[in-house]
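Colleague: Below: one structure in structure tokens.
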Amino acid sequence: MKAGTFFVRTWRILSILGFLFALFNSYISYPGEVVVRFDEQNQPIQMIDREVIFYIAVAIFLINITMMKAISRLFLRLPSASIPVPNQAVWAAHRSQLNDIFTNWFYALTAAINTVLALGLIALSLLNRSDRGINTYDYAWLLPLSAIMLIGVIIALPIRLFMKPSDND
């Protein structure tokens, strides 16, 4: 197993475990009504029932896992000629590597979405704790980190496809 494949699969498993931990930990710590929006004075504007947040998070998680796995499996069935990759003739000769690259990319995208979802649940949980002062600026790292993670995963595929395949299949 290559190092990249090992990293992506490990990240995927850890993101699933992290999401489950964040889901149940945050559900336990949420009050009955969870504040999801604050005004400029940190006063609650909008609240959602904690069961709704739980079920929405579970739905996003299951849709993410199911859709990415289905798309990944469908990709393996595509003929090499219909895959829009640079240097198509070169990649057609190395189809197993191309399949591994796309499978790992779909796993990485799944892991990134799971990680963003878990971090969002943790931040929402910390914002709704009664033992802490509410300061929304403490969680300003969440959006840039999420964007960097998702953009990094999305950009990684074209960068990898512009590289030449290795000779050992």
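The values are calculated or read from the model by the stated rules, or taken from the named source; none is laboratory data. Since the structure is predicted, the reported quantities are computational estimates derived from the model, not experimental observations. Here Cβ is always computed from backbone atoms with ideal geometry, including for glycine, and neighbour counts include all displayed protein chains. Side chains included, ligands, DNA and RNA excluded: accessible areas come from the protein's heavy atoms. Shrake-Rupley method; radii C 1.70, N 1.55, O 1.52, S 1.80 Å.
Colleague: Could you please let me know if E51 is over 21 Å from the mean Cα position of the chain (by Cα), at pLDDT 90 or above and over 21 Å from G152 (Cβ atoms)? So that I can check it myself, show each step before the final result.
Modeller: Details: over 21 Å from the mean Cα position of the chain (by Cα): yes; at pLDDT 90 or above: yes; over 21 Å from G152 (Cβ atoms): yes.
Here the answer is yes, as E51 does meet what is asked.
Colleague: Now, a different point. In segment 38-97, which residues are among the charged types (D, E, K, R), open to solvent by 90 Å² or more (accessible area, probe 1.4 Å) and within 30 Å of L14 (Cβ to Cβ)?
Modeller: Of the residues in segment 38-97, the ones among the charged types (D, E, K, R) are 39-40, 49-51, 69, 73, 77, 95.
Next, from what is left, pick out any that are open to solvent by 90 Å² or more (accessible area, probe 1.4 Å): 40, 73, 77.
Residues satisfying the conditions are R73, R77.
Colleague: Looking only at segment 120-147, count how many residues are of a type outside the set (V, I, T), open to solvent by less than 80 Å² (accessible area, probe 1.4 Å) and at pLDDT 70 or above. Before you say what the answer is, go through the steps one by one.
Modeller: Step one: list which residues in segment 120-147 are of a type outside the set (V, I, T), which gives 120-121, 123-133, 135, 137-147.
Checking the rest, the ones that are also open to solvent by less than 80 Å² (accessible area, probe 1.4 Å) come to 120-121, 123-128, 133, 135, 138-140, 142, 144-147.
In the following step, the residues that additionally are at pLDDT 70 or above were identified as 120-121, 123-128, 138-140, 142, 144-147.
Adding up the residues that qualify gives 16.
Colleague: Hey, another quick one. Quick one: would you say S26 is within 16 Å of L126 (Cα to Cα), out of contact with any His (no Cβ under 9 Å at 6 or more places or on another chain) and small (G, A, S)?
Modeller: Values: within 16 Å of L126 (Cα to Cα): yes; out of contact with any His (no Cβ under 9 Å at 6 or more places or on another chain): yes; small (G, A, S): yes.
So S26 passes the test.
Colleague: Still on this structure: If you scan segment 15-35, which residues turn out to be surrounded by fewer than 15 Cβ atoms within 10 Å (Cβ to Cβ), touching a residue at least 12 places away in the same chain (Cβ under 8 Å) and within 30 Å of F106 (Cα to Cα)? Let's see the steps before the verdict.
Modeller: Taking segment 15-35 and keeping what is surrounded by fewer than 15 Cβ atoms within 10 Å (Cβ to Cβ), we get 17, 20-21, 24-25, 28, 31-33.
If we keep only those that are touching a residue at least 12 places away in the same chain (Cβ under 8 Å) too, we end up with 21, 25, 31-33.
Of everything in segment 15-35, those that are surrounded by fewer than 15 Cβ atoms within 10 Å (Cβ to Cβ), touching a residue at least 12 places away in the same chain (Cβ under 8 Å) and within 30 Å of F106 (Cα to Cα) turn out to be F21, N25.
Colleague: Looking only at segment 13-56, how many residues end up being in contact with a Ser or Thr (Cβ under 6 Å, 6 or more places away or on another chain) and under 24 Å from L150 (Cβ atoms)?
Modeller: Within segment 13-56, the first condition is being in contact with a Ser or Thr (Cβ under 6 Å, 6 or more places away or on another chain), and the residues that meet it are 15, 26, 29, 38.
Okay, now just the ones that are also under 24 Å from L150 (Cβ atoms), so 15, 26.
Here the count works out to 2.
Colleague: Among the numbered criteria (1) out of contact with any Asp or Glu (no Cβ under 9 Å at 6 or more places or on another chain); (2) open to solvent by 70 Å² or more (accessible area, probe 1.4 Å); (3) of a type in the set (D, E, K, R), which one does R12 miss?
Modeller: Condition not satisfied by R12: (2).
Colleague: Does segment 60-89 hold any residues that are of a type in the set (A, V, I, L, M, F, W, C) and farther than 23 Å from I154 by Cβ, and which are they? Let's see the steps before the verdict.
Modeller: Taking segment 60-89 first, the residues of a type in the set (A, V, I, L, M, F, W, C) are 60-63, 65, 67-68, 70-71, 74-76, 78, 81, 83, 85, 89.
Answer for segment 60-89, where residues must be of a type in the set (A, V, I, L, M, F, W, C) and farther than 23 Å from I154 by Cβ: A81, A89.
Colleague: Answer yes if at least one residue in segment 154-163 is modelled with pLDDT of 85 or more, under 30 Å from F38 (Cβ atoms), of a type outside the set (A, V, I, L, M, F, W, C) and surrounded by 13 or more Cβ atoms within 10 Å (Cβ to Cβ), and no otherwise.
Modeller: We begin by selecting, within segment 154-163, every residue modelled with pLDDT of 85 or more; these are 154-163.
Filter again for under 30 Å from F38 (Cβ atoms), leaving none.
So far as segment 154-163 goes, no, none of its residues is modelled with pLDDT of 85 or more, under 30 Å from F38 (Cβ atoms), of a type outside the set (A, V, I, L, M, F, W, C) and surrounded by 13 or more Cβ atoms within 10 Å (Cβ to Cβ).
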